[in-house]
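Novice: Pasting a structure below so you can have a look.
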Amino acid sequence: MTFDTIIRGGTVATASDTFACDVGITAGRITALGTDLGQAAEIVDAKGLLVLPGGIDSHVHISQPSGPGIVMADDFASATRSAAFGGNTMVLPFAMQQKGESLREVVKDYHKKADGQCYVDVSFHLIIADASDRVLGQELPALVNDGYTSFKVFMTYEGLALSDMEMLNVMTVARETGALVMVHAENYDAIRFLTDRLERAGKIETKYHGTSRPIAVEREATHRAISLAEIIDVPIMIVHVSNREAMEEIARAQRRGLKIYGETCPQYLVLTEKDMDGLNMEGAKYVCSPPPRDEASQVACWEGLEQGIFSLFSSDHCPFRYDDPQGKLNPKGRTSFRWVPNGIPGVETRLPILFSEGVGKGRISLNQFVALTATNHAKTYGLYPKKGTVAVGADADIAIWDPKRTETISQKLMHGGSDYTPYEGIEVTGWPVSTMVRGKFVVRDGKLVGALGAGAYVPRDKSELAKPRVA
Ligand code: DUC
Ligand code: ZN
Ligand code: ZN
């Protein structure tokens, strides 16, 4: 047999095993694993390198409307370029509905933004802001059937927050259609109350962003979301968990046999609320929600990853430029933390941070790393086994890593649309050097070689993990 490509001499790791073997690729798929595979049009030497499933970042925001005068730093080209340099072969951004909009039209708009503009593969979650009978009764079931098999709901934010009744209605549709609900768990009224009170007291600097969204705000909403899901008997994913109390709500639910899943992100492992203290609005670079907490919360999030309470590690990439009137330094943002856009870039740094801090420092195994960054994302969102593993029959979505290479994270190394990285100065060991999507290199030895449009839209199956406990 002759292959298109053989990746030779590397160490392959999956979510369960680590082994020395060559990878044979034909027509974009992995067609053989073994040694002495024979001939190929191209042999890629991976001696001394790791051959891993390409990262799947299942929580990224790209080209979302973000309020009057505010523009996201990435379009699909820059976000997916940045993703590829960060060792990712697929991202799952959101198609965000706004009140009154048809979800179907929203989805069409996001396809228009993404078509021909991606370097890695993409699929869309839906954000449901308008839980009307028409949306829930007609549009949503049809969209789930068409491969949009997950949706995010917000318990906070003007124009996005759903009432408990609306959450229950969305969860009911998820149960009926087999879709998975992702929940942004923060108590809207509590945040508004605290924000108003802080502003009245003249406490408007960016550091008060954290004060306006304390842990209790997140813990309470997490508890409530879990309770609502239990009432409906529907699995849910609590996204971007930042602290022990919210994590323990999830762990307790899991111990009770509920299908409650959790996700955490790099900002909760390596940033703290002190980062938002910076002078001259520097703190705005770290404003995201939920906010980074303290060192004890970082320890808790590590425990959640180590113990499998969190099955996903995503970036929550939501980039705004810093030095830009349409970004973090917008004129209103200078008047109060309330108006600083929430979100930070991170799609390119997610994997090196977890590899270095997690695998390198002995907190998690290489196999846990693969599970947390690729395999579990594919399983959770209906992409497995086509995506998320190195196995015969899977798409040849592969990241080749130099586990010994040390880099200091810096904006100079980044390839996205933002003008800063919140992870500036963090030293990491372990770096993705090449990324291949369906058998074709997008990044090779640190250089962009893939064409714009190399990434494709991937419709998704329903996830096994979205099945209720009782059918
Ligand atoms: N929630 C997200 O998931 N991303 C960015 C901002 C937010 O609140
Ligand atoms: Zn969110
Ligand atoms: Zn997000």
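The values are calculated or read from the model by the stated rules, or taken from the named source; none is laboratory data. Because the structure is a prediction, the values reported are computed rather than measured. Glycine gets a Cβ as well: all are built from the backbone with ideal geometry, and neighbour counts include every protein chain shown. Ligands, DNA and RNA are stripped out before the accessible areas are found, and what is left, the full protein with its side chains, is counted by its heavy atoms. Shrake-Rupley method; radii C 1.70, N 1.55, O 1.52, S 1.80 Å.
Novice: Across region 217-228, what is the number of residues that are of a type in the set (G, A, S) and under 22 Å from the mean Cα position of the chain (by Cα)?
Specialist: 2
Novice: Another question about this same structure. Take the residues of region 306-316 that are within 16 Å of ligand 1 (Cβ to nearest atom) and part of a loop (DSSP other than H, G, I, E, B): which is nearest to S212 (Cα to Cα)?
Specialist: Of everything passing the filter in region 306-316, D316 is nearest to S212 (Cα to Cα).
Novice: Let me ask something else about it. What residue, of G393, G388, G439, is in contact (Cβ under 8 Å) with a residue 24 or more places away in the chain, among the small types (G, A, S) and surrounded by fewer than 16 Cβ atoms within 10 Å (Cβ to Cβ)?
Specialist: G393
Novice: Still on this model: For region 119-171, name all the residues that are closer than 20 Å to E464 by Cβ, over 21 Å from the mean Cα position of the chain (by Cα) and not aliphatic (A, V, I, L, M).
Specialist: Across region 119-171, the qualifying residues are P141, N145, D146.
Novice: Right, another one. Hey, can you tell me all the residues within region 334-348 that are at pLDDT 95 or above and outside any loop (DSSP other than H, G, I, E, B)?
Specialist: Within region 334-348, F337, R338, W339, I344 meet the criteria.
Novice: Another one. Could you check, for region 399-420, whether at least one of its residues is among the β-branched types (V, I, T), more than 25 Å from H111 (Cα to Cα) and surrounded by 23 or more Cβ atoms within 10 Å (Cβ to Cβ)?
Specialist: Scanning region 399-420, I find at least one residue that is among the β-branched types (V, I, T), more than 25 Å from H111 (Cα to Cα) and surrounded by 23 or more Cβ atoms within 10 Å (Cβ to Cβ), so the answer is yes.
Novice: Further question: Going through A471, A456 one at a time, which residue ends up being surrounded by fewer than 19 Cβ atoms within 10 Å (Cβ to Cβ), at pLDDT below 95 and among the hydrophobic types (A, V, I, L, M, F, W, C)?
Specialist: So the residue among A471, A456 that is surrounded by fewer than 19 Cβ atoms within 10 Å (Cβ to Cβ), at pLDDT below 95 and among the hydrophobic types (A, V, I, L, M, F, W, C) is A471.
Novice: Which of the numbered conditions does A229 fail, given that it passes all the others? Conditions: (1) open to solvent by less than 10 Å² (accessible area, probe 1.4 Å); (2) within 16 Å of ligand 2 (Cβ to nearest atom); (3) part of a helix (DSSP H, G or I).
Specialist: The one condition A229 does not meet is (2).
Novice: Another one. From the set of residues in region 68-81 that are in contact with a Ser or Thr (Cβ under 7 Å, 6 or more places away or on another chain) and under 15 Å from M96 (Cα atoms), which is most open to solvent (accessible area, probe 1.4 Å)?
Specialist: Selected residue: D75.
Novice: Inspect region 234-243 for any residue being outside any loop (DSSP other than H, G, I, E, B), more than 16 Å from ligand 2 (Cβ to nearest atom) and over 20 Å from the mean Cα position of the chain (by Cα) and give the result as yes or no.
Specialist: No, there is no match, as no residue in region 234-243 is outside any loop (DSSP other than H, G, I, E, B), more than 16 Å from ligand 2 (Cβ to nearest atom) and over 20 Å from the mean Cα position of the chain (by Cα).
Novice: Turning to a different aspect of this structure: Kindly indicate which of P319, P325 is away from ligand 3 (no atom under 16 Å from the Cβ), of a type outside the set (D, E), in contact (Cβ under 8 Å) with a residue 24 or more places away in the chain and outside any helix (DSSP H, G or I).
Specialist: Step by step, each of P319, P325 is checked, and only P325 is away from ligand 3 (no atom under 16 Å from the Cβ), of a type outside the set (D, E), in contact (Cβ under 8 Å) with a residue 24 or more places away in the chain and outside any helix (DSSP H, G or I).
Novice: Regarding region 211-226, can at least one residue be identified that is closer than 30 Å to N145 by Cα, of a type outside the set (V, I, T) and in contact with a Phe, Trp or Tyr (Cβ under 9 Å, 6 or more places away or on another chain)?
Specialist: Yes: one or more hits.
Novice: What do you reckon, is G304 modelled with pLDDT of 95 or more, touching a strand residue (DSSP E or B) at 6+ places or on another chain (Cβ under 7 Å) and away from ligand 3 (no atom under 16 Å from the Cβ)?
Specialist: In short, yes.
Novice: For T335, which of the numbered conditions (1) farther than 25 Å from G67 by Cα; (2) hydroxyl-bearing (S, T, Y); (3) open to solvent by 30 Å² or more (accessible area, probe 1.4 Å) fails to hold?
Specialist: Result: T335 fails condition (1) only.
Novice: Quick check on my filter: what residues within region 349-370 are of a type in the set (D, E, K, R), more than 16 Å from ligand 3 (Cβ to nearest atom) and either part of a loop (DSSP other than H, G, I, E, B) or under 18 Å from I56 (Cβ atoms) (or both)?
Specialist: K361, R363
Novice: If P65 meets every condition in (1) within 16 Å of ligand 3 (Cβ to nearest atom); (2) buried (at least 16 other Cβ atoms within 10 Å of the Cβ); (3) free of Cβ contacts under 8 Å to residues at least 60 places away in the same chain apart from one, which number is that one?
Specialist: (2)
Novice: While we're here: Looking at region 286-300 only, could you name the residues that are surrounded by fewer than 19 Cβ atoms within 10 Å (Cβ to Cβ) and in a loop (DSSP other than H, G, I, E, B)?
Specialist: D294
Novice: Same structure, new question: Looking at (1) assigned to a loop (DSSP other than H, G, I, E, B); (2) within 16 Å of ligand 3 (Cβ to nearest atom); (3) not hydrophobic (A, V, I, L, M, F, W, C), which is the one condition that is false for N330?
Specialist: (2)
Novice: Output the number of the condition that E303 fails; it satisfies all remaining conditions of (1) surrounded by 19 or more Cβ atoms within 10 Å (Cβ to Cβ); (2) touching a residue at least 40 places away in the same chain (Cβ under 8 Å); (3) charged (D, E, K, R); (4) part of a helix (DSSP H, G or I).
Specialist: With respect to (1) surrounded by 19 or more Cβ atoms within 10 Å (Cβ to Cβ); (2) touching a residue at least 40 places away in the same chain (Cβ under 8 Å); (3) charged (D, E, K, R); (4) part of a helix (DSSP H, G or I), E303 is out only on (1).
Novice: On to the next question. Go through region 271-285 and report how many residues are open to solvent by less than 40 Å² (accessible area, probe 1.4 Å) and within 23 Å of the chain's Cα centre (by Cα).
Specialist: The number of residues fulfilling the criteria is 6.
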